[in-house]
Amino acid sequence: FKKFIDDKLAYEYVQQGHAGKAFRMHYSLEAIKPNPQANIINDLIAIALDPEKSRFDKILTTKQDGTKMIEDLLNIKGVMLWNSGEPAAALETFKQIPVAQRGANRFNPFIERAKICVHCKQSDSLLIYNRPGILERIFELEFKANSDYSNSALYFYQLGLAHFNLSYFGPNWNAMDYFRSGGNWRYAKSNIFLHWYFPFGNKENHNLSKAKSYFEKVLEVSKDRERSARATFWLARCDWLTYVTSSGYQAPRNSNYLPSLPSEYRVYYQQLEADYAET
């Protein structure tokens, strides 16, 4: 009988334009985090903020421990906007959360690590940013890069590092995502992977174009050959990871071998060898 009631109410809520209520009749909030849907999140936020909501609506926007769901909903919306290429809107959304509820500082995507290590333990003393803090620092670096020309190469470099480290391949992937599967290495349409628990699948942030654009700007303005060599290395790494997660990737027969990169993905490796061998 409960399943029947849930189905019936979900149907009625869809007819009324309440996608959030309909979703909550079948799923917990955790089920939407890996691939948030704007119509569902916005509906639940509107209900949670409604001072005249019904007792049942209060239940739908309350967590099992009895606390309100609004901070989680705003966090999810902020992450969704960030992933959609709207960082300013994401920051404004995060700022709607009371400072005490924004979470501990547990990220630092601006640190350079030569070794790619998604789950390596990081020193707590270095984790000095929360989500809105990361965005504020990114905006600050972008402003400095376009105004302090003598140091713009350094700022562009830090921005490239940040966007790489915030991707699926970096240690701060969970700032822009809630769920990462190591099995989702291969290409999928729109980077959305089917998952048994998540009704809208799991969306992974494989796109490294933003990181590449900043490292390319480093090469345009840098007068420091060491920094240019480092930027070239990161560009080569971005191309390598772009290839191995593309639909055209062909795995080597021996799993211990590195893949043979097509020529268009080897440009920066060749440039590193040809132009920066002495660095």
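The charge dipole of the chain, taken about the Cα centre with unit charges on the Cβ atoms of Lys, Arg (+1) and Asp, Glu (-1), comes to about 700 debye, rounded to the nearest 20.
Projecting the Cα atoms of 169, 67, 127 onto the charge dipole of the chain, computed from C-beta unit charges around the Cα centre, puts 67 farthest toward the positive end.
Taking a 19 Å limit on the Cα-Cα distance, which of the listed pairs 68/95; 21/68; 21/53; 95/203; 77/144; 33/63 fall beyond it? Mind dumping the intermediate values first?
Values: 68/95 17 Å; 21/68 15 Å; 21/53 12 Å; 95/203 24 Å; 77/144 28 Å; 33/63 15 Å.
Table pairs above 19 Å Cα-Cα are 95/203; 77/144.
For the chain, the relative contact order works out to 14 percent when only alpha carbon pairs closer than 8 Å and six or more residues apart are counted.
Report the trypsin sites (Lys or Arg not before Pro) located in segment 235-274 that are in a DSSP loop and have at most 16 other Cβ atoms inside 10 Å of their Cβ, or state none.
Numbers: sites: 237, 253, 266; in loops: 253, 266.
Loop-located and lightly packed - 253, 266.
Residue separation of residue 139 and residue 247 scaled by 0.36 nm, minus their Cα-Cα distance, works out to 35.5 nm of gained length. A cut-off under 15 angstrom between Cβ atoms defines the neighbours of residue 153, and their net charge, with Lys, Arg +1 and Asp, Glu -1, is -1. If R₀ is 51 angstrom, what is the calculated FRET efficiency for the pair residue 111 and residue 194, using the beta carbon separation as r and rounding to 0.05? That gives a FRET efficiency of 0.90. Pair-distance distribution of segment 139-263: all C-alpha pairs, bin width 5 Å, starting at 0; shares per bin in whole percent are 2, 11, 17, 18, 17, 14, 10, 7, 3, 1, 0. When the P(r) is computed for the chain, the part past 27 Å accounts for 49% of the Cα-Cα pairs. Summed over the residues of segment 29-72 and divided among them, the accessible surface reaches 57 Å² per residue at a probe radius of 1.4 Å.
Looking at segment 197-241, the accessible area is 45 square angstrom per residue; that uses a 1.4 Å probe and ignores ligands, DNA and RNA.
Nonpolar atom fraction for the chain, defined as the carbon and sulfur part of the 1.4 Å probe accessible area, stands at 52 percent. Counted residue by residue at 0.36 nm each, then reduced by the alpha carbon distance between them, the extension gain from residue 2 to residue 119 reaches 38.0 nm. Under the simplified labelling scheme, the residue 279-residue 225 pair shows an inter-label distance of 1.0 nm, with each label point 7 Å from Cα along Cα→Cβ.
Report the convex hull volume per residue for segment 189-275, counting only C-alpha atoms, in Å³.
Working: hull volume 11.6 nm³, N = 87.
Taking only Cα atoms, segment 189-275 has a hull volume of 133 Å³ per residue.
The values are calculated or read from the model by the stated rules, or taken from the named source; none is laboratory data. The structure displayed is predicted, hence computed values, not measured ones. As a convention, Cβ positions derive from the backbone with ideal geometry for all residues, glycine included, and neighbour counts pool all protein chains shown. Side chains are part of the model used for accessible areas, which takes the heavy atoms of the whole protein and leaves out ligands, DNA and RNA. Shrake-Rupley method; radii C 1.70, N 1.55, O 1.52, S 1.80 Å.
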